[in-house]
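Report on the following structure.
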């Protein structure tokens, strides 16, 4: 990315979510804990399996509770990349001035494990160390969500608590702002926006400048994190 200009940390009025986007975000958020606790869900730790499971749960639930939206697993993005999940309308709808049909996602989602599976990829929720593999990073570069003003980062918390990870992720972003001031700013940290009563799930929001070829100069990321069960049933 080029040099950072002044960044207010706020989106313009044109980027405010339309009703269907808001409803979908709420549906995804409310589905996290029921999915985690679904007695029929096989135990899984790998990111790919968790993304596929959550997609299947969302789509199955949406058929009965949220029929205006269908969910897809793995949606093609820029340069042949794929984002983990997407949401599309079952009937054509105008969102942010663009017509979306059942072929065009209006929301994309990426899933990441916390912690990353290898020490060398420790900060991968935020950035890749040697390539553009970071969750937030890919949205900043327009590799994911180029055509969207709002996107979701799912966090599968496998050690520690969501609250602890919020502090860790924000510390990484603050460090990047010192290390790479042309690419990152301290105002890109996550702001907690809600949690479930048990503390198992936590949501936060962040705003990031991105490449000029994207749909908007900034993207808002909704971070939905869930504390995962770390052992197979019967072995807890």
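The values are calculated or read from the model by the stated rules, or taken from the named source; none is laboratory data. Small disclaimer: the values here were computed from a predicted structure and weren't measured. Glycine also receives a Cβ, built like all others from the backbone with ideal geometry; neighbour counts cover every protein chain displayed.
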Taking segment 174-206 and keeping only residues that are assigned to a strand (DSSP E or B) and crowded, with 19+ Cβ neighbours inside 10 Å, one is left with 201, 202, 203, 204, 206
Give the residues of segment 43-99 that are at pLDDT below 90, more than 16 Å from residue 21 (Cβ to Cβ) and part of a loop (DSSP other than H, G, I, E, B), sorted by residue number. 77, 81
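Answer yes or no as to whether residue 130 is out of contact with any helix residue (DSSP H, G or I) (no Cβ under 7 Å at 6 or more places or on another chain) and at pLDDT 95 or above.
Numbers: out of contact with any helix residue (DSSP H, G or I) (no Cβ under 7 Å at 6 or more places or on another chain): yes; at pLDDT 95 or above: no.
No, not satisfied.
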Looking only at residues in segment 123-161 that are free of Cβ contacts under 8 Å to residues at least 12 places away in the same chain and assigned to a loop (DSSP other than H, G, I, E, B), which one is surrounded by the most Cβ atoms within 10 Å (Cβ to Cβ)? 134
